[in-house]
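In what follows, a structure is listed as structure tokens, so that the remarks can point back to it.
The values are calculated or read from the model by the stated rules, or taken from the named source; none is laboratory data. Since this is a predicted model, take the numbers as computed values, not measurements. FYI the Cβ positions are ideal-geometry reconstructions off the backbone, even for glycines, and counts take in every protein chain you see.
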């Protein structure tokens with residue numbers, strides 16, 4: 001009787017481990033889609049008329065990114081220096097580079113927060129609620145009043 005329970009326990013343990021490995025391998029995050037494919041529904045999710053589309057070189061300059069490591073960038077920012085609204089979507093060639101990119105984004109948010117903290121509380125609040133999300137080879141960053149709805153559109157687009 002004890003042997004029967006041990007066999008059942010062993011089989012269940014093996015099945016559980018197999019299931020966990022399957023989940024890990026089948027969903028490592030990120031996307032195989034191009035940034036343009038992901039960007040289309042994201043840009044329809046909110047009013048971006050106050051923001052200007054920027055180049056990958058602009059993003060590299062603002063965030064101190066190594067553009068050799070990215071496969072695609074979508075970057076929108078406000079030209080008004082009194083508005084911290086930004087949208088950034090990056091697809092990396094190698095997801096191992098994601099922590100460095102995320103750290104650069106966090107440094108930008110911290111720097112902007114220090115600038116706006118004492119004289120623009122509404123902008124400081126936006127920065128405190130900025131969304132920075134890494135999933136595999138994809139990085140999303142948004143500082144906006146509509147950040148939540150923009151992020152939802154991004155997740156659906158992945």
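Only residues in the stretch 53-81 that are touching a residue at least 60 places away in the same chain (Cβ under 8 Å) and at negative phi count as the first member; pair them with residues that are surrounded by fewer than 17 Cβ atoms within 10 Å (Cβ to Cβ) and not in a strand (DSSP E or B), Cβ under 8 angstrom, at least 6 apart or cross-chain, and list the lot.
Here the result reads 71/93, each pair linking the stretch 53-81 to a residue that is surrounded by fewer than 17 Cβ atoms within 10 Å (Cβ to Cβ) and not in a strand (DSSP E or B).
Within the stretch 116-151, how many residues turn out to be within 20 Å of residue 60 (Cα to Cα) and in a helix (DSSP H, G or I)?
Qualifying residue count, the stretch 116-151: 1.
Pull up the stretch 104-131, narrow it to residues that are surrounded by fewer than 17 Cβ atoms within 10 Å (Cβ to Cβ) and in contact with a strand residue (DSSP E or B) (Cβ under 7 Å, 6 or more places away or on another chain), then point me to the one that is nearest to residue 43 (Cα to Cα).
The selected residue is 131.
Does at least one position in the stretch 82-95 carry a residue that is more than 18 Å from the chain's Cα centre (by Cα), over 16 Å from residue 156 (Cα atoms), at pLDDT below 95 and surrounded by fewer than 16 Cβ atoms within 10 Å (Cβ to Cβ)?
Yes: the stretch 82-95 contains one or more residues that are more than 18 Å from the chain's Cα centre (by Cα), over 16 Å from residue 156 (Cα atoms), at pLDDT below 95 and surrounded by fewer than 16 Cβ atoms within 10 Å (Cβ to Cβ).
Out of the residues in the stretch 139-149 that are buried (at least 21 other Cβ atoms within 10 Å of the Cβ) and touching a strand residue (DSSP E or B) at 6+ places or on another chain (Cβ under 6 Å), state the one that is nearest to residue 80 (Cα to Cα).
If we take residues in the stretch 139-149 being buried (at least 21 other Cβ atoms within 10 Å of the Cβ) and touching a strand residue (DSSP E or B) at 6+ places or on another chain (Cβ under 6 Å), then 143 is nearest to residue 80 (Cα to Cα).
With out of contact with any helix residue (DSSP H, G or I) (no Cβ under 9 Å at 6 or more places or on another chain) and at pLDDT 90 or above as the only criterion, which of 32, 61 stands out?
61
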